[in-house]
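Trainee: Pasting a structure below so you can have a look.
The values are calculated or read from the model by the stated rules, or taken from the named source; none is laboratory data. It should be emphasised that the depicted structure is a prediction, and the values quoted were computed from it without experimental measurement. Every residue, glycine among them, receives a Cβ derived from its backbone with ideal geometry; neighbour counts consider all protein chains shown. For the accessible areas, the whole protein counts, side chains as well, though only heavy atoms, and no ligand, DNA or RNA atoms are used. Shrake-Rupley method; radii C 1.70, N 1.55, O 1.52, S 1.80 Å.
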Amino acid sequence: MPQFCLAYTIKSPLYVKFKEYKNLDYAQVADEILNFWNQEQIFEKSISTRAGHPSFTFYEGPPSANGTPGIHHVMARAIKDIFCRYQTLKGKQVKRKGGWDTHGLPVELQVEKELGITKEDIGKKISVEEYNQKCRETVMKFTGQWNDLTEKMGYWVDLENPYVTYQTPYIESVWNLLKRLYDKGLLYKGYTIQPYSPAAGTGLSSHELNQPGCYRDVKDTSLTAQFKAIQNQKSQFLFELSQGNPVYLLAWTTTPWTLPSNSALTAGKGITYVLVNTFNPYTFLPVHVVLAKDLVKNYFNATAENGDFEAYVAAEKKPQAIPYQIIGECKGADLEGIEYEQLMPYVQPATPAFRVILGDFVTTEDGTGMVHTAPTFGADDFRVAQQNGIPAIMVLDANGKEVPLVNRQGQFVEEVSDYALEPVKEAYLTEEEKEQARIKQGRDKYLSVDERIAIQLKTENKAFNVQKFDHPYPHCWRTDKPVLYYPLDSWFIKTTAVKDKLIALNQTIQWKPESTGTGRFGNWLENLVDWNLSRSRYWGTPLPIWRTEDGSEEICIGSLEQLTSELEKALSSGKLNADQVKGNQDFLAAIQAGTADLHRPFVDQVYLVSASGAVLSRELDLIDVWFDSGAMPFAQWHYPFENQEVFKESYPADFISEGVDQTRGWFFTLHAISSMVEDSVAFKNVVSTGLVLDKNGNKMSKRLGNAIDPFDTLKKYGADPTRWYMITNAQPWDNLKFDLAGITEVRNKFFGTLTNTYNFFALYANLDGFDPETNTLDEANLTELDRWVLSKLMHLIQEVDEAYATYEPTKAGRAIQDFVCDHLSNWYVRLSRRRFWNPESTEKGINPDKQAAYQTLYTCLETVAQLMSPIAPFYGDWLFKNLSNKESVHLTDFVPVNPAWVNPELEASMDLAQRICSLVHSIRKVHKLKVRQPLAQVLVPVLQEQVRDQIRRVEDLIKSEVNVKQVNYLDDAAGVLSKKVKPNFKALGPKFGKDMKLVAEAISSMTAENLHVLEAQGSILLSNFSIELADVEILTEDMPGYLTASESGLTIALDSQLSPSLVREGMAREFVNRIQNLRKESGFDVVDKINIDVLKGDVAWEESIQEFGSYICQEVQALSINWKDSLDQASEISMDDTTLSVKVTVHK
RNA sequence: GGGCUUGUAGCUCAGGUGGUUAGAGCGCUACACUGAUAAUGUAGAGGUCCGUGGUUCGAGUCCACGCAGGCCCA
């Protein structure tokens, strides 16, 4: 008996509107979209189509192109790109000019290495001109690679017209800024403490000092000096403890020759100090000394603690162990401000000095925990003195210039009378000179300055301890002589004068993360010292200051125009010699020809003449390269000489982003220059990004071989998964442990799911000829599921919008990911599949329900494409272009939230549905009840009417998802529910406080009657505590006689009884399943119609297939099911203990 | 040594304003599903929430002191 089913046809697609993809290669997607962008100039259009809109300004921190880009640059630039693209979607015009940082030491060192020369050779083996030419070539060596990476990773930045810091217009702008600072009195020549070799007469760079062999162990005289405290209000507490006896502050030094230059003592704020009553070991006089508690053991023999003072005084021969007694204790902070008498009063300071200050560099590792501070001979000393307003001890030289107590030859100046013109280090003397000095000293053996100072202080009761001390000390690599830390001339910007302004302006900047702004950057501003601009190098922006030799007259140049007129003035002054005239004429000609090079050596050949007729020559220093990059808001536009309008529009920046290591680099220089010059911040929002480490958390380095090649990565995985992984895995400011396996995960999980979802849509949309243009969304036809996913989508838009707006890309990415994977794919699409493959298309078109499904899914996909496009620009555009006829997602406007679609009640319902389904699945699993086997009912106990209504809305979904016939509700009327009560701590806490434990106990031990009373009356008195309904949570956990499961307050019961009819239906479903498998195994097409032959014999199967024949036919696209007595080439299908022979053929 | 920062399952990470049963993904184990299938579902194992004190009726969460990693600075 053939059984005929309803015949229907699926319309074959006339044309493929939505392209379908198999095995999508994301790198290829990126390539194709990149070509499309280039061809259609999408980047340019994204700016030009926003002309006239409000602007959003981004500043590109210029990379140095003399190294190759790494994977961390992909990260850093993805962050920058995301917010620029987002703001474009939001309708802003976002210009972003690229730039290159081209000056500086790294470039010079690289060139030196390539040429095999050192700094000393420049100007000798190679001319400065040639050398700088070489730098100029080297610095742009890898621009090709950089541009390539920029394109491949999808970073949109204007590379056609970048700013380049070595170009003349850029330098001119930098000069202009310097001139503006000069005119405000913020530029001055001072000194800074640097390693200096008196033997060679030259300063040494820190990198020269780090050469192997520079640090050598030497034996020096170390001395612990007694600084006599002055009794006043600050020090009163010490004198009270000493009962009015003199109190000495102990400080240790390995360079006694710096003691005449002492002007402060530095203590550690948190260090504990003690006051000790004892005797001076050299003079045997009783003394009270202050030193760090932890270091007492280094100065005293513990056996002598609280020893016999009187016996010591009486002793003829003083014992080694000097008795001592600790009589008081305080913190470093308590010592701050205590004044003391100058130790070696050869030269007096100009302003008050000689007091205790606090410094963060003080340790208790050695010495006394109190550091002798000589601002002229220590970098720490200099800094901490400057911060505390302590003057240095200086004398005036023959020119009336302030100089330190040691001259450039390493000798004491004459004012240090006892040691006048003696070298401070023994090593500076030859053997002969030493011998002469010995004779002069009238001793058997030459004694160094340090040694004689020690002797002098011992006799004056000013030395507490003198020892030889072995320690490593830096030496000059050329002369082998010890180095001095010595004040050398430098040009400074007086940032300390504008400190308050810098701090105030910083408070208006939005930092991500906030702690970088308030902590790292804020603290840096609090402890600001003047900005040392000088660099003694060749390749950099020259300092535009010309000066007389004695420094009495100077001029600062702020433009080529000014330089021209000064040149002309100088030439006509008649004060220059022939060489100078030649140099000036050449330079003037170059300016007029527009070919002037503002670098060394050319600017050095320019000589100007002051108003009084003195010849001025250029200060040879270059400026710190950080000034170059900090000047970019101005100099990138050659402001103020050009582009005044552009500058005004694009200043200050709305947004910048760089690595957190730039806090004191670019972030600071931008901020400082802007604050000083314009009284404005340079940027309103800043994201400081963390480091990219290898997957084990180690720093990536080429040397260790754990560096990830960005080009390989982009090629293998594609830019979008790479970017998505980086952004969603960690917050931008946290360090990222970069693991390629993570990109694979993101690719499979997120991009795979999204592409699958798209393909699913495309497959059926093409079959049905769905066209989003003509089949517009009709809200009347939306199902609950459609409304739900649209509501979720609205929330997603809100969330993502807010995340991007507040510079939280990780939150945005994760939200999109969750929506796509959990809500859209695993719930909406999974539950909607049947609607899509429902073949009942009417002749007039797609039926309304199906159309609603298409429209809903289409809307979700299109929106997701846009929301994700800032992070995954290629894929986002690819997805968008597959769905839409519009040119590019990057030219669209950010989709608004449709408030009518926001439906929190429905979301709550669906949440319940999902939880109920999950519980049913779990019961089915535990009791081995297959999902294909329909069950009669699921029971849900609900105590609140509202919850019941919520579930009722989504009943159908639950029924089809878990394959049950009915959802039924249990209220308490029957009294079958066993209820449980739990304390609601959040509500009880404020009410009962300390009695919480008792209350909780009382509630937990409530009887059924108690609970009944509470429910009926709304409150109950338990152990004298009045409990209200809101103070407890009532839930049901158990239903005797049913299969139950519960999770966070929700309980369900499953009716597992099978009627014969349910069994037959279950078998029919099994049959469908097996036929579907056969179709697939046989390679039939989705639209193929089939005929099914079945072997007679099994009654159960026959009954089941007869009863559900039309259902089966519909499901498997069968035209007929034929019962046969015998069957050739049949397939066996089995269920439980029975088997059935079937044969499936395509209907032709 | 100082400033900032991180520490939660084998791995990568979530965990407003303190609330008693700490979550997700990946990985692992087992089972199920099979017109999205290089998918998917369910269950399980897996945690001294870096440590020690403190505040509190109650601490992953707040405070103090440490330990370990990172960055910047000395």
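Trainee: Relative contact order of chain A, please, whole-number percent, based on alpha carbon pairs below 8 angstrom and at least 6 residues apart.
Mentor: Relative contact order here is 13 percent.
Trainee: In addition: Taking the Cα centre as origin and putting +1 on Lys and Arg beta-carbons and -1 on Asp and Glu beta-carbons, what dipole magnitude results for chain A, to the nearest 20 debye?
Mentor: That gives a dipole near 860 debye.
Trainee: Now a separate question. Given Cβ point charges of +1 (Lys, Arg) and -1 (Asp, Glu) and nothing else, what value in debye, to the nearest 20, does the dipole of the range A:885-972 about its Cα centre take?
Mentor: Here the size comes out at about 780 debye.
Trainee: Which distance in nm do the two modelled labels at A:Asp822 and A:Met140 give, with both placed 7 Å along the Cα-to-Cβ direction?
Mentor: Once both label points are built, they end up 5.2 nm from each other.
Trainee: Rounded to whole Hz and in sequence order, give me ³J(HN,Hα) for the range A:685-694 from the Karplus expression 6.51 cos²θ - 1.76 cosθ + 1.60, θ = phi - 60°, writing x for Gly and Pro.
Mentor: 10, 9, 10, 9, 9, x, 8, 9, 9, 6
Trainee: Just to verify a number: FRET efficiency for A:Asn698 and A:Trp524, C-beta to C-beta distance, R0 = 22 Å, to 0.05?
Mentor: Computed FRET efficiency for A:Asn698 and A:Trp524: 0.20.
Trainee: In terms of Cα to Cα distance under 16 Å, which aspartates and glutamates are near enough to A:Lys501, apart from those fewer than 8 places away along the same chain?
Mentor: Partners within reach: A:Glu526, A:Asp530, A:Glu678, A:Asp679.
Trainee: Accessible area of the range A:425-569 with a 1.4 Å probe: how many percent of it is carbon plus sulfur?
Mentor: Using a 1.4 Å probe with all protein chains present, the range A:425-569 comes out at 46 percent carbon and sulfur.
Trainee: Along the positive direction of the dipole of the range A:71-225 (beta-carbon charges: Lys, Arg +1; Asp, Glu -1; about the Cα centre), which of A:Thr202, A:Asn132, A:Gly116 reaches farthest?
Mentor: The residue sitting most towards the positive pole is A:Asn132.
Trainee: Same structure, new question: The range A:72-107 to the range A:721-774: how many Å between their Cα centroids?
Mentor: 24 Å
Trainee: Calculate how steeply helix A:578-593 sits against the longest principal axis of the alpha-carbon atoms of chain A, using the helix alpha-carbon long axis, and give the answer as 0 to 90 degrees to the nearest 10.
Mentor: 20 degrees
Trainee: Still on this structure, I have one more. Report, in degrees rounded to the nearest 10, the 0 to 90 angle that the Cα long axis of helix A:26-40 makes with the longest principal axis of chain A.
Mentor: 80 degrees
Trainee: Leaving out ligands, DNA and RNA, and with a 1.4 Å probe, what % of the accessible surface on the range A:875-918 is carbon or sulfur?
Mentor: Carbon-and-sulfur percentage of accessible area, whole number: 53.
Trainee: In this model, which of A:Lys401/A:Lys445; A:Lys92/A:Lys184; A:Lys97/A:Lys792; A:Lys141/A:Lys699; A:Lys17/A:Lys90; A:Lys269/A:Lys462 are farther than 32 Å apart at the alpha-carbon?
Mentor: A:Lys401/A:Lys445; A:Lys92/A:Lys184; A:Lys97/A:Lys792
Trainee: Now a separate question. Send over a whole-number figure in Å² for the accessible area per residue of chain A, probe 1.4 Å.
Mentor: It amounts to 45 Å² per residue over chain A.
Trainee: Using a 1.4 angstrom probe and counting only protein chains, how large is the accessible area of A:Asp183 in Å², to 10?
Mentor: 100 Å²
Trainee: Here is a further query. Which residue, chosen from A:Pro319, A:Ala27, A:Gly630, occupies the Cα position most advanced towards the positive end of the dipole of chain A, where the dipole is computed from +1 (Lys, Arg) and -1 (Asp, Glu) charges on Cβ about the Cα centre?
Mentor: A:Ala27
Trainee: Which whole-angstrom value gives the distance between the alpha carbon centres of the range A:1045-1124 and the range A:486-556?
Mentor: Between the Cα centres of the range A:1045-1124 and the range A:486-556 lies a distance of 81 Å.
Trainee: Using the basic label-point model (7 angstrom from Cα toward the beta carbon), what is the A:Phe36 to A:Glu745 distance in nanometres?
Mentor: Distance between the two pseudo-spin positions: 3.0 nm.
Trainee: In addition: Report, in degrees rounded to the nearest 10, the 0 to 90 angle that the Cα long axis of helix A:719-729 makes with the longest principal axis of chain A.
Mentor: The angle comes out near 80 degrees.
Trainee: Using protein chains only and a probe of 1.4 angstrom, how many square angstrom of A:Ser552 are accessible, to the nearest 10?
Mentor: 80 Å²
Trainee: Per residue and in cubic angstrom, what volume does the convex hull of the Cα atoms of chain A have?
Mentor: Hull volume normalised by residue count: 272 Å³.
Trainee: With a Cα-only, solvent-free Debye model of the range A:943-1032, what are the log10 I(q)/I(0) values at q = 0.16 Å⁻¹?
Mentor: For the requested q values the scattering log ratios are -0.75.
Trainee: Could you work out the relative contact order of the range A:774-844, using alpha carbon pairs under 8 angstrom and six or more residues apart, expressed as a whole percent?
Mentor: It rounds to 29 percent for the range A:774-844.
Trainee: Return the calculated 222 nm mean residue ellipticity for chain A, to the nearest 500 deg cm²/dmol, obtained by summing -39500 (n - 2.57) across DSSP H runs with n ≥ 4 and dividing by the residue count.
Mentor: -11500 deg cm²/dmol
Trainee: From Cα pairs below 8 angstrom and at least 6 apart in sequence, can you work out the relative contact order of the range A:705-803, rounded to a whole percent?
Mentor: Reported as a whole number, the value is 18 percent.
Trainee: Next question, about the same structure. Among the lysines, which have Cα under 17 Å from the Cα of A:Lys1143 when same-chain residues fewer than 8 positions away are ignored?
Mentor: Cα-Cα hits under 17 Å: A:Lys1080, A:Lys1089, A:Lys1096, A:Lys1124.
Trainee: Quick one: work out the % antiparallel among DSSP beta bridges in chain A, nearest 5.
Mentor: Given both bridge residues lie in chain A, the antiparallel proportion sits at roughly 70 percent.
Trainee: If you don't mind, there's one more thing I want to ask. Among all the lysines, which ones have a C-alpha under 21 Å from A:Lys440's C-alpha, if same-chain residues fewer than 8 places away are not counted?
Mentor: A:Lys425
Trainee: Something else: So for the range A:719-864, taking the charge dipole from beta-carbon charges (+1 Lys/Arg, -1 Asp/Glu), which of A:Pro848, A:Ile797, A:Leu763 sits furthest toward the positive end?
Mentor: The listed residue farthest towards the positive side: A:Leu763.
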